[in-house]
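Peer 1: Dropping the structure in here first, questions after.
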Amino acid sequence: MERHRTPIVVIAALAGVVLISAFVFASAASPAYACSKEWTPIPTASPAAGGAPNPGYVQDDMGRTHAGTGEKVTYTYCPPASGPHYNEAPLGPIQPRVYGPGDRALPQGWIHNLEHGAMVILYRGKDGDPGATDAGQTALRALFDTFPASPVCGISPGTSQGPVVARFDDMATPYAALVWGRVLPLNDLDTAQILEFWQIWGERSNPEPQCATPSAAPSTEASPEASAAPSPS
(Lines give C-alpha, C1' and ligand atoms only; values in the text may rest on other atoms or scores of the structure.)
Protein backbone atom coordinates (compact mmCIF):
# COMPACT_ATOMS: atom_id res chain seq x y z
CA MET A 1 0.00 0.00 0.00
CA GLU A 2 2.82 2.35 0.94
CA ARG A 3 4.65 1.51 -2.26
CA HIS A 4 1.60 2.31 -4.44
CA ARG A 5 0.44 5.39 -2.52
CA THR A 6 1.51 7.91 -5.17
CA PRO A 7 -0.18 6.15 -8.12
CA ILE A 8 -3.34 5.69 -6.03
CA VAL A 9 -3.44 9.39 -5.15
CA VAL A 10 -2.92 10.34 -8.79
CA ILE A 11 -5.68 8.01 -9.97
CA ALA A 12 -8.07 9.32 -7.32
CA ALA A 13 -7.31 12.90 -8.30
CA LEU A 14 -7.88 12.14 -11.98
CA ALA A 15 -11.17 10.42 -11.16
CA GLY A 16 -12.26 13.49 -9.21
CA VAL A 17 -11.43 15.75 -12.15
CA VAL A 18 -13.41 13.49 -14.52
CA LEU A 19 -16.46 13.52 -12.23
CA ILE A 20 -16.36 17.30 -11.81
CA SER A 21 -15.96 17.79 -15.57
CA ALA A 22 -18.88 15.46 -16.26
CA PHE A 23 -21.07 17.41 -13.82
CA VAL A 24 -20.12 20.76 -15.34
CA PHE A 25 -20.76 19.43 -18.86
CA ALA A 26 -24.12 17.95 -17.87
CA SER A 27 -25.14 21.25 -16.24
CA ALA A 28 -24.13 23.24 -19.30
CA ALA A 29 -25.90 20.84 -21.66
CA SER A 30 -29.17 20.68 -19.74
CA PRO A 31 -31.98 22.90 -21.08
CA ALA A 32 -32.30 26.28 -19.36
CA TYR A 33 -36.10 26.23 -19.72
CA ALA A 34 -38.90 23.82 -20.53
CA CYS A 35 -42.32 24.03 -22.17
CA SER A 36 -45.42 22.17 -21.06
CA LYS A 37 -46.85 22.52 -24.56
CA GLU A 38 -46.48 24.45 -27.77
CA TRP A 39 -49.16 27.12 -27.75
CA THR A 40 -51.70 27.26 -30.55
CA PRO A 41 -54.31 30.04 -30.52
CA ILE A 42 -58.04 29.52 -30.28
CA PRO A 43 -59.62 30.87 -33.49
CA THR A 44 -61.49 34.13 -33.06
CA ALA A 45 -64.05 35.87 -35.25
CA SER A 46 -62.81 38.21 -37.96
CA PRO A 47 -63.44 41.93 -37.42
CA ALA A 48 -66.77 43.17 -38.72
CA ALA A 49 -66.80 45.05 -42.00
CA GLY A 50 -65.34 48.47 -41.37
CA GLY A 51 -64.17 47.44 -37.89
CA ALA A 52 -60.73 48.09 -36.46
CA PRO A 53 -58.07 45.41 -37.05
CA ASN A 54 -57.28 43.23 -34.07
CA PRO A 55 -54.10 41.30 -34.90
CA GLY A 56 -52.65 38.57 -32.72
CA TYR A 57 -54.12 36.34 -30.05
CA VAL A 58 -54.35 36.66 -26.29
CA GLN A 59 -52.31 34.09 -24.38
CA ASP A 60 -53.20 33.12 -20.81
CA ASP A 61 -51.16 35.08 -18.29
CA MET A 62 -48.31 33.12 -16.67
CA GLY A 63 -47.41 35.73 -14.07
CA ARG A 64 -44.31 37.87 -13.85
CA THR A 65 -42.32 36.61 -10.90
CA HIS A 66 -38.56 36.96 -10.86
CA ALA A 67 -36.54 33.80 -11.46
CA GLY A 68 -33.18 33.28 -9.82
CA THR A 69 -30.14 33.66 -12.06
CA GLY A 70 -29.60 30.35 -13.80
CA GLU A 71 -32.91 28.93 -12.55
CA LYS A 72 -34.66 26.59 -14.96
CA VAL A 73 -38.21 27.75 -15.68
CA THR A 74 -41.05 25.65 -17.07
CA TYR A 75 -43.52 27.67 -19.13
CA THR A 76 -47.07 26.45 -19.60
CA TYR A 77 -47.11 27.77 -23.16
CA CYS A 78 -44.37 28.34 -25.69
CA PRO A 79 -43.56 30.78 -27.05
CA PRO A 80 -44.23 32.50 -23.70
CA ALA A 81 -45.64 36.04 -23.79
CA SER A 82 -45.42 36.36 -19.99
CA GLY A 83 -44.02 34.36 -17.10
CA PRO A 84 -41.06 34.14 -14.71
CA HIS A 85 -38.00 36.03 -15.87
CA TYR A 86 -34.57 37.25 -14.82
CA ASN A 87 -34.24 40.61 -13.13
CA GLU A 88 -30.52 41.17 -13.52
CA ALA A 89 -28.99 43.04 -16.45
CA PRO A 90 -27.70 41.99 -18.89
CA LEU A 91 -29.48 38.64 -18.37
CA GLY A 92 -32.91 40.22 -18.26
CA PRO A 93 -33.93 42.46 -19.84
CA ILE A 94 -31.51 41.66 -22.63
CA GLN A 95 -29.98 43.99 -25.20
CA PRO A 96 -32.34 44.62 -28.14
CA ARG A 97 -30.66 43.34 -31.30
CA VAL A 98 -30.76 40.50 -33.81
CA TYR A 99 -29.54 37.34 -32.10
CA GLY A 100 -28.16 34.85 -34.60
CA PRO A 101 -28.99 31.14 -34.71
CA GLY A 102 -25.99 30.31 -32.52
CA ASP A 103 -26.51 33.10 -29.99
CA ARG A 104 -27.96 32.40 -26.55
CA ALA A 105 -31.13 34.40 -25.90
CA LEU A 106 -33.29 32.75 -23.25
CA PRO A 107 -36.98 33.48 -22.68
CA GLN A 108 -36.12 34.24 -19.05
CA GLY A 109 -34.29 37.26 -20.46
CA TRP A 110 -36.53 38.60 -23.19
CA ILE A 111 -39.76 38.18 -21.19
CA HIS A 112 -38.45 41.04 -19.04
CA ASN A 113 -38.26 43.11 -22.24
CA LEU A 114 -41.92 42.27 -22.90
CA GLU A 115 -42.80 43.38 -19.38
CA HIS A 116 -41.39 46.83 -20.22
CA GLY A 117 -43.40 47.08 -23.42
CA ALA A 118 -40.90 45.84 -25.99
CA MET A 119 -41.67 43.66 -28.97
CA VAL A 120 -39.91 40.32 -29.35
CA ILE A 121 -39.72 38.73 -32.79
CA LEU A 122 -38.91 35.02 -32.75
CA TYR A 123 -37.78 32.74 -35.55
CA ARG A 124 -37.56 28.97 -35.49
CA GLY A 125 -34.25 27.38 -36.45
CA LYS A 126 -35.14 23.78 -37.24
CA ASP A 127 -34.21 22.10 -40.53
CA GLY A 128 -36.02 23.77 -43.39
CA ASP A 129 -37.02 26.87 -41.40
CA PRO A 130 -36.27 30.10 -43.27
CA GLY A 131 -35.41 32.36 -40.33
CA ALA A 132 -32.04 30.76 -39.61
CA THR A 133 -30.83 30.89 -43.24
CA ASP A 134 -28.57 33.64 -44.55
CA ALA A 135 -31.49 35.17 -46.45
CA GLY A 136 -33.72 34.94 -43.40
CA GLN A 137 -31.16 36.62 -41.18
CA THR A 138 -30.70 39.40 -43.72
CA ALA A 139 -34.46 40.02 -43.77
CA LEU A 140 -34.64 40.06 -39.97
CA ARG A 141 -31.78 42.56 -39.75
CA ALA A 142 -33.50 44.77 -42.34
CA LEU A 143 -36.65 44.71 -40.19
CA PHE A 144 -34.64 45.57 -37.09
CA ASP A 145 -32.78 48.41 -38.84
CA THR A 146 -36.01 50.05 -40.02
CA PHE A 147 -38.15 49.37 -36.95
CA PRO A 148 -40.19 52.42 -35.85
CA ALA A 149 -40.24 54.13 -32.48
CA SER A 150 -42.62 52.75 -29.86
CA PRO A 151 -46.24 53.76 -30.52
CA VAL A 152 -47.13 55.11 -27.06
CA CYS A 153 -43.95 56.45 -25.47
CA GLY A 154 -42.08 57.27 -28.68
CA ILE A 155 -38.95 55.45 -27.50
CA SER A 156 -36.33 54.91 -30.19
CA PRO A 157 -35.82 51.37 -31.50
CA GLY A 158 -32.71 49.54 -30.35
CA THR A 159 -33.18 50.83 -26.80
CA SER A 160 -35.48 49.62 -24.03
CA GLN A 161 -38.45 48.95 -26.32
CA GLY A 162 -36.61 46.61 -28.62
CA PRO A 163 -37.13 44.92 -30.79
CA VAL A 164 -35.44 41.75 -29.64
CA VAL A 165 -35.05 39.28 -32.52
CA ALA A 166 -34.10 35.80 -31.36
CA ARG A 167 -34.19 32.14 -32.26
CA PHE A 168 -36.79 30.04 -30.45
CA ASP A 169 -37.48 26.50 -31.65
CA ASP A 170 -40.33 25.49 -29.33
CA MET A 171 -43.22 26.95 -31.29
CA ALA A 172 -45.68 25.77 -33.91
CA THR A 173 -44.91 28.37 -36.61
CA PRO A 174 -41.65 29.51 -38.23
CA TYR A 175 -42.06 33.05 -36.83
CA ALA A 176 -43.94 34.80 -34.05
CA ALA A 177 -44.17 38.40 -32.87
CA LEU A 178 -44.85 38.96 -29.18
CA VAL A 179 -45.91 41.76 -26.88
CA TRP A 180 -46.86 41.14 -23.26
CA GLY A 181 -49.74 38.66 -23.16
CA ARG A 182 -50.32 38.58 -26.90
CA VAL A 183 -48.83 36.53 -29.76
CA LEU A 184 -48.94 36.93 -33.53
CA PRO A 185 -48.00 33.54 -35.10
CA LEU A 186 -46.59 33.81 -38.61
CA ASN A 187 -45.79 31.31 -41.33
CA ASP A 188 -43.72 33.94 -43.16
CA LEU A 189 -41.83 37.03 -42.10
CA ASP A 190 -44.70 39.39 -42.88
CA THR A 191 -43.26 42.81 -42.04
CA ALA A 192 -46.55 44.62 -42.65
CA GLN A 193 -48.42 42.39 -40.18
CA ILE A 194 -45.67 42.72 -37.58
CA LEU A 195 -45.64 46.51 -37.79
CA GLU A 196 -49.44 46.69 -37.65
CA PHE A 197 -49.37 44.45 -34.57
CA TRP A 198 -46.77 46.76 -33.00
CA GLN A 199 -48.72 49.93 -33.75
CA ILE A 200 -51.96 48.53 -32.30
CA TRP A 201 -50.67 46.59 -29.30
CA GLY A 202 -47.16 47.87 -28.60
CA GLU A 203 -46.85 49.31 -25.05
CA ARG A 204 -50.56 48.80 -24.37
CA SER A 205 -50.60 45.52 -22.49
CA ASN A 206 -47.32 45.55 -20.55
CA PRO A 207 -47.59 45.76 -16.75
CA GLU A 208 -44.62 48.15 -16.38
CA PRO A 209 -45.27 51.25 -18.56
CA GLN A 210 -42.19 53.21 -19.56
CA CYS A 211 -43.91 56.60 -19.77
CA ALA A 212 -46.43 58.50 -17.66
CA THR A 213 -49.62 58.25 -19.74
CA PRO A 214 -49.83 55.08 -21.85
CA SER A 215 -52.82 54.75 -24.13
CA ALA A 216 -55.58 52.24 -23.49
CA ALA A 217 -55.68 49.03 -25.50
CA PRO A 218 -58.05 49.03 -28.48
CA SER A 219 -61.67 48.38 -27.56
CA THR A 220 -61.94 45.58 -30.13
CA GLU A 221 -60.56 43.01 -27.66
CA ALA A 222 -63.32 40.55 -26.92
CA SER A 223 -61.55 37.60 -25.31
CA PRO A 224 -62.26 37.10 -21.59
CA GLU A 225 -58.63 36.09 -21.20
CA ALA A 226 -57.61 39.69 -21.79
CA SER A 227 -58.84 40.69 -18.34
CA ALA A 228 -56.52 38.33 -16.48
CA ALA A 229 -54.54 40.38 -13.98
CA PRO A 230 -50.79 39.72 -13.76
CA SER A 231 -49.39 38.46 -10.50
CA PRO A 232 -47.24 40.91 -8.53
CA SER A 233 -43.60 41.25 -9.36
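The values are calculated or read from the model by the stated rules, or taken from the named source; none is laboratory data. Here the structure is a predicted model, which means the values were calculated and not measured. Cβ atoms come from the backbone with ideal geometry, glycine included; neighbour counts cover every protein chain shown. Ligands, DNA and RNA are stripped out before the accessible areas are found, and what is left, the full protein with its side chains, is counted by its heavy atoms. Shrake-Rupley method; radii C 1.70, N 1.55, O 1.52, S 1.80 Å.
Peer 1: Give the carbon-plus-sulfur fraction of the accessible surface of the stretch 72-130 in %, rounded to a whole number; probe 1.4 Å, heavy atoms of protein chains only.
Peer 2: 47 percent
Peer 1: From largest accessible area down, sort LEU91, LEU122; use a 1.4 Å probe on the protein chains.
Peer 2: LEU91, LEU122
Peer 1: Please work out the average accessible area per residue across the stretch 90-136, using the 1.4 Å probe convention, and give it in Å².
Peer 2: 37 Å²
Peer 1: So how exposed is SER156, as accessible area in Å² (1.4 Å probe, rounded to 10)?
Peer 2: 70 Å²
Peer 1: Next question. What trypsin sites (Lys or Arg not before Pro) in the stretch 55-109 are in a loop by DSSP, with at most 11 other Cβ atoms within 10 Å of the Cβ?
Peer 2: Qualifying residues, ordered by number: ARG104.
Peer 1: Largest first, how would ASP129, ASP145, ASP170 line up by accessible area (1.4 Å probe)? Could you put the intermediate results ahead of the total?
Peer 2: Working: ASP129 15, ASP145 120, ASP170 55 Å².
Per-residue accessible area, sorted high to low, gives ASP145, ASP170, ASP129.
Peer 1: The stretch 52-153: which GluC sites (Glu not before Pro) are DSSP loop and have at most 15 other beta-carbon atoms within 10 angstrom?
Peer 2: Answer in residue order: GLU71.
Peer 1: Indicate the gyration tensor shape class of the stretch 42-143 (rounded, prolate or oblate), computed on the Cα atoms with a ≥ b ≥ c the square roots of the eigenvalues: a/c under 1.5 is rounded; otherwise a/b larger than b/c is prolate and the rest oblate. If you can, show how the numbers build up before the last one.
Peer 2: Values: a/c = 1.91, a/b = 1.16, b/c = 1.64.
It comes out oblate by the Cα gyration axes.
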